[in-house]
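A quick write-up on the structure given underneath.
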Amino acid sequence: MTKGKDLERYTTLLFAKRDELWARGVTLPPAGGTKGDIMDVASADVEADLQVRFREADRLVLKEIEDALGRIRAGSFGVCEACSQPIAKARLDVVPWARFCRDCGERERA
Ligand SMILES: [Zn+2]
(Lines give C-alpha, C1' and ligand atoms only; values in the text may rest on other atoms or scores of the structure.)
Protein backbone atom coordinates (compact mmCIF):
# COMPACT_ATOMS: atom_id res chain seq x y z
CA MET A 1 0.00 0.00 0.00
CA THR A 2 1.15 3.53 -0.75
CA LYS A 3 1.88 5.53 2.39
CA GLY A 4 3.36 8.67 3.88
CA LYS A 5 5.19 11.06 1.60
CA ASP A 6 4.33 9.15 -1.57
CA LEU A 7 0.67 9.12 -0.72
CA GLU A 8 0.80 12.86 -0.01
CA ARG A 9 2.46 13.42 -3.35
CA TYR A 10 -0.14 11.43 -5.27
CA THR A 11 -2.94 13.16 -3.38
CA THR A 12 -1.46 16.50 -4.45
CA LEU A 13 -1.13 15.30 -8.04
CA LEU A 14 -4.74 14.10 -8.09
CA PHE A 15 -6.05 17.35 -6.65
CA ALA A 16 -3.98 19.35 -9.14
CA LYS A 17 -5.30 17.34 -12.07
CA ARG A 18 -8.85 17.63 -10.78
CA ASP A 19 -8.48 21.40 -10.43
CA GLU A 20 -7.15 21.53 -13.98
CA LEU A 21 -10.19 19.65 -15.29
CA TRP A 22 -12.57 21.79 -13.24
CA ALA A 23 -10.87 24.93 -14.58
CA ARG A 24 -11.67 23.69 -18.10
CA GLY A 25 -15.30 23.24 -17.13
CA VAL A 26 -15.22 19.45 -16.88
CA THR A 27 -17.74 18.16 -14.36
CA LEU A 28 -19.26 14.82 -13.63
CA PRO A 29 -22.90 14.45 -14.59
CA PRO A 30 -25.22 13.90 -11.65
CA ALA A 31 -25.68 10.25 -10.75
CA GLY A 32 -27.98 8.57 -13.25
CA GLY A 33 -27.03 11.38 -15.64
CA THR A 34 -27.98 12.38 -19.14
CA LYS A 35 -25.42 10.84 -21.44
CA GLY A 36 -27.83 10.58 -24.37
CA ASP A 37 -28.42 14.32 -24.53
CA ILE A 38 -24.77 15.11 -25.02
CA MET A 39 -24.46 12.73 -27.96
CA ASP A 40 -27.65 13.98 -29.61
CA VAL A 41 -26.58 17.60 -29.52
CA ALA A 42 -23.27 16.79 -31.15
CA SER A 43 -24.49 14.56 -33.96
CA ALA A 44 -25.18 17.45 -36.34
CA ASP A 45 -21.66 18.79 -36.36
CA VAL A 46 -18.51 16.71 -36.70
CA GLU A 47 -16.29 19.28 -35.07
CA ALA A 48 -18.61 19.69 -32.12
CA ASP A 49 -18.83 15.92 -31.95
CA LEU A 50 -15.07 15.72 -31.65
CA GLN A 51 -15.08 18.31 -28.86
CA VAL A 52 -17.72 16.41 -26.98
CA ARG A 53 -15.64 13.28 -27.31
CA PHE A 54 -12.65 15.06 -25.84
CA ARG A 55 -14.82 16.23 -23.02
CA GLU A 56 -16.11 12.69 -22.51
CA ALA A 57 -12.51 11.52 -22.19
CA ASP A 58 -11.82 14.31 -19.69
CA ARG A 59 -14.87 13.27 -17.77
CA LEU A 60 -13.69 9.68 -17.60
CA VAL A 61 -10.38 10.90 -16.19
CA LEU A 62 -12.23 13.06 -13.67
CA LYS A 63 -14.24 10.02 -12.63
CA GLU A 64 -11.04 7.99 -12.25
CA ILE A 65 -9.53 10.79 -10.15
CA GLU A 66 -12.57 10.90 -7.87
CA ASP A 67 -12.36 7.12 -7.49
CA ALA A 68 -8.64 7.33 -6.73
CA LEU A 69 -9.29 9.99 -4.05
CA GLY A 70 -11.89 7.63 -2.62
CA ARG A 71 -9.27 4.86 -2.51
CA ILE A 72 -6.89 7.22 -0.72
CA ARG A 73 -9.57 7.85 1.90
CA ALA A 74 -10.29 4.12 2.11
CA GLY A 75 -6.58 3.31 2.44
CA SER A 76 -6.47 1.10 -0.66
CA PHE A 77 -4.67 3.51 -2.98
CA GLY A 78 -1.80 2.06 -5.03
CA VAL A 79 -3.05 -1.50 -4.86
CA CYS A 80 -4.07 -3.28 -8.06
CA GLU A 81 -7.80 -4.00 -8.02
CA ALA A 82 -7.32 -7.21 -9.99
CA CYS A 83 -4.35 -8.96 -8.35
CA SER A 84 -3.97 -6.97 -5.07
CA GLN A 85 -0.29 -6.35 -5.77
CA PRO A 86 1.16 -2.87 -5.27
CA ILE A 87 1.12 -0.74 -8.40
CA ALA A 88 4.62 0.35 -9.44
CA LYS A 89 5.58 3.90 -8.48
CA ALA A 90 6.77 4.58 -12.02
CA ARG A 91 3.23 3.88 -13.18
CA LEU A 92 1.55 5.95 -10.47
CA ASP A 93 3.89 8.83 -11.26
CA VAL A 94 2.46 8.91 -14.78
CA VAL A 95 -1.10 7.87 -13.99
CA PRO A 96 -1.77 8.49 -10.28
CA TRP A 97 -5.36 7.33 -10.73
CA ALA A 98 -4.33 3.92 -12.13
CA ARG A 99 -6.43 1.16 -10.60
CA PHE A 100 -4.49 -1.75 -12.07
CA CYS A 101 -0.84 -2.73 -12.14
CA ARG A 102 0.81 -2.76 -15.54
CA ASP A 103 0.18 -6.44 -16.22
CA CYS A 104 -3.48 -6.33 -15.24
CA GLY A 105 -3.91 -3.02 -17.07
CA GLU A 106 -2.69 -4.62 -20.26
CA ARG A 107 -4.96 -7.59 -19.72
CA GLU A 108 -7.92 -5.22 -19.23
CA ARG A 109 -7.24 -3.55 -22.56
CA ALA A 110 -6.66 -6.80 -24.45
ZN1 LIG B 1 -2.56 -6.46 -11.07
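Return yes or no: is residue 68 touching a residue at least 12 places away in the same chain (Cβ under 8 Å) and under 14 Å from the mean Cα position of the chain (by Cα)? Yes, satisfied.
Results for (1) within 16 Å of the ligand (Cβ to nearest atom); (2) in contact with a Phe, Trp or Tyr (Cβ under 7 Å, 6 or more places away or on another chain); (3) at pLDDT 95 or above, shown as yes or no for each residue.
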position: 24; (1), (2), (3): no, no, no
position: 30; (1), (2), (3): no, no, no
position: 37; (1), (2), (3): no, no, no
position: 43; (1), (2), (3): no, no, no
position: 48; (1), (2), (3): no, no, no
position: 54; (1), (2), (3): no, no, no
position: 82; (1), (2), (3): yes, yes, yes
position: 96; (1), (2), (3): no, yes, yes
position: 105; (1), (2), (3): yes, no, no
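Residues in the range 81-110 that are open to solvent by 70 Å² or more (accessible area, probe 1.4 Å) and not aliphatic (A, V, I, L, M): 81, 84, 85, 86, 89, 93, 102, 103, 106, 107, 108, 109.
Say we look at the range 59-80 and pick out the residues that are aliphatic (A, V, I, L, M) and surrounded by fewer than 14 Cβ atoms within 10 Å (Cβ to Cβ); which of these is farthest from the ligand (Cβ to nearest atom)? In this case the residue turns out to be 60. Taken over the range 7-28, residues that are more than 16 Å from residue 58 (Cα to Cα), open to solvent by less than 50 Å² (accessible area, probe 1.4 Å) and either without any contact (Cβ under 8 Å) to a residue 24 or more places away in the chain or of a type in the set (A, V, I, L, M) (or both) amount to 1. Within the range 76-93, residues that are without any contact (Cβ under 8 Å) to a residue 60 or more places away in the chain and among the acidic types (Asp, Glu) have Cβ atoms under 8 Å from residues that are within 13 Å of the ligand (Cβ to nearest atom) and part of a strand (DSSP E or B) in no pair, counting only partners at least 6 apart in sequence or on another chain.
The values are calculated or read from the model by the stated rules, or taken from the named source; none is laboratory data. Just so it is clear, the structure is predicted and the values come from calculations on it, not from any experiment. Here the Cβ is made from the backbone with ideal geometry for all residues, glycine too, and neighbour counts use every protein chain on show. Heavy atoms of the whole protein, side chains included, go into the accessibility calculation; ligands, DNA and RNA do not. Shrake-Rupley method; radii C 1.70, N 1.55, O 1.52, S 1.80 Å.
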